[in-house]
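As structure tokens, the structure follows; a few thoughts come after it.
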Amino acid sequence: MNDTAHKSSAVDEWRAGWRFVLLTAIAISFTPAVLPAYTIGVFVEPLHNAFGWGRGAIQTAILFSTGFGLAGGPLAGWMIERWGVRRTILYGIVGMALPIAACAEMTGWVRELYLFYALIAIVGAGAASVSWIFLIADRFEKSRGLALGVALSGTGVAAILLPRLAATGVDLWGWRGAYLGIAAFGLLVILPLCMLILPRHRLHGATPGSDDAPEQIATGLTLRQAVSGYRFWIIGGSTTAIYIAIGGLIPNIVPALKDKGLSTDEAVNIMSFFGISIIVGRIAVGGLVDRFWAPAIAAAVLVPAAIACFLFQFPLSFAGMAIVAMMIGVATGMEFDLVGFLVGRYFGLAHFARIFGRLYMFLALGAGIGPPAFGAAHDLTGSYNVLLTLSAGLLAASAIAFLFLGRYPDEREFQPAVNAAG
């Protein structure tokens, strides 16, 4: 396809799908992987003061909210193919809000925290990133990378706003009121927007005649075919490594910066720089992978992030910490959309939701392991240095692994989907 045709097709995609990109950018903040990770750091001190829980114990909650994505990701993929993306997301938002609100009723038993955060992942599975990435991948083809980048840049906005939202709630109403405020944000802001904008039918799909019948029949590998290939495991293993490194660091940035002598306001300001870099990273990487080989772009982003993790161990000025945080933020700003882009290019769209749902298990595993590992390391050694060094190595290894994915398959290699069972 010539460049003019490419641009014309991309313009048509944006004209038809811009509102879904905008909605995703807003709603991605209220997902099981994003919201707990960007707010738990604010709750560390008040929960410790209220119940005496250590950082490791509190951060272990992320193991449940994100780690239970091992079940939540495939569940979301199944729900999308069975009920459609609209119903899946709406049920998920309500399912998330209820256990978040229940956190306000905790009585001092740390297992209550774990139970409620686990329910965020399971009952709120439909609101997970699996659903939002499917929505964008289904609506965009020629500019899929850029669309995913712009849509998921909302995680950068979340990095800026969610800690402030939680901190403001704690200041005004205490930690119990803050949890209720976050739940209200989901029910009173995110849910009505989704009801207004989400499409009632998918554009591409595996079979016509289902509850969410597609307008076009997609091509691609079945789930079984994808899992039997080496590319699935390279993407999955690399995703796990990235999320152990970055997913473990994100909820610990504020406590780590305060350990270095920064005030809460200074630490939150660093998080703002981090959030800005996520936005820049998502949009820049999204635009680049539409034009260049995505694994090479991934490697070019992950190597500087590895260096930044190593530098984070050392005493730096406020400006130095901001730069290091932004280097890590750029890598954070590509992970969701990169995996979604790679699934579409290497496996096709026919069973995108189910394949991505399985790969989400790797993301959940890494993101679930990382935060409690960082918190436990601090409790044992008084610092995060050992985990930061390990994180640098994991990011560098992931950069190398992506380069073994090889060329994109030609779409003519894919067969039309026969059924949704895959």
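The values are calculated or read from the model by the stated rules, or taken from the named source; none is laboratory data. It should be emphasised that the depicted structure is a prediction, and the values quoted were computed from it without experimental measurement. Heads up, the Cβs are rebuilt from the backbone with ideal geometry, glycines too, and the neighbour counts pull from every protein chain shown.
Remarks
- Residue in the stretch 274-283 that is within 18 Å of I244 (Cα to Cα), among the hydrophobic types (A, V, I, L, M, F, W, C) and without any contact (Cβ under 8 Å) to a residue 60 or more places away in the chain present: no
- Some residue of the stretch 293-303 being surrounded by fewer than 20 Cβ atoms within 10 Å (Cβ to Cβ) and over 20 Å from S398 (Cβ atoms): no
- Single match in L359, L365 (criterion: modelled with pLDDT of 85 or more, in a helix (DSSP H, G or I) and under 17 Å from the mean Cα position of the chain (by Cα)): L359
- Selection of first residues in the stretch 308-322 that are under 14 Å from Y384 (Cβ atoms) and of second residues that are part of a helix (DSSP H, G or I) and among the acidic types (D, E), restricted to Cβ pairs under 9 Å at least 6 apart or on distinct chains, gives the following pairs, ordered by first then second residue: M321/E266.
- The requirement of being of a type in the set (D, E), surrounded by 24 or more Cβ atoms within 10 Å (Cβ to Cβ) and either over 18 Å from G393 (Cα atoms) or out of contact with any Pro (no Cβ under 8 Å at 6 or more places or on another chain) (or both) is not satisfied by D259.
So that you can scan it fast, the table gives a plain yes or no per residue for (1) closer than 27 Å to F43 by Cβ; (2) out of contact with any Leu (no Cβ under 6 Å at 6 or more places or on another chain); (3) aromatic (F, W, Y):
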| residue | (1), (2), (3) |
| --- | --- |
| P251 | yes, yes, no |
| N269 | yes, yes, no |
| G287 | no, no, no |
| A296 | no, yes, no |
| M327 | yes, yes, no |
| M334 | no, yes, no |
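- Filter result for T107 (surrounded by fewer than 17 Cβ atoms within 10 Å (Cβ to Cβ), among the β-branched types (V, I, T) and not in a helix (DSSP H, G or I)): yes
- Selection within the stretch 115-129 - under 19 Å from the mean Cα position of the chain (by Cα) and either assigned to a helix (DSSP H, G or I) or surrounded by 24 or more Cβ atoms within 10 Å (Cβ to Cβ) (or both): Y117, A118, L119, I120, A121, I122, G124, A125, G126, A127, A128, S129
- Sub-9 Å Cβ pairs linking a first residue in the stretch 58-82 that is basic (K, R) to a second residue that is surrounded by 24 or more Cβ atoms within 10 Å (Cβ to Cβ), at least 6 apart or interchain, are R82/T88, ordered by first then second residue.
- Residue check for W132: under 13 Å from the mean Cα position of the chain (by Cα) and in a helix (DSSP H, G or I): yes
- Enumeration of residues in the stretch 140-181 that are touching a residue at least 24 places away in the same chain (Cβ under 8 Å), in a helix (DSSP H, G or I) and among the polar types (S, T, N, Q): T155
- Across the stretch 21-67, the qualifying residues are those that are small (G, A, S) and outside any helix (DSSP H, G or I), and the one among them that is surrounded by the fewest Cβ atoms within 10 Å (Cβ to Cβ) is G52.
- Failed condition for E112, given (1) farther than 19 Å from V254 by Cα; (2) touching a residue at least 24 places away in the same chain (Cβ under 8 Å); (3) not in a loop (DSSP other than H, G, I, E, B): (2)
- Whenever a residue of the stretch 360-380 is closer than 14 Å to S398 by Cβ, its partners that are of a type in the set (D, E), lying with C-beta atoms within less than 9 angstrom and at least six residues away or across chains, give the pairs L363/E335.
- V285 vs. criteria surrounded by fewer than 20 Cβ atoms within 10 Å (Cβ to Cβ) and closer than 22 Å to A33 by Cα: no
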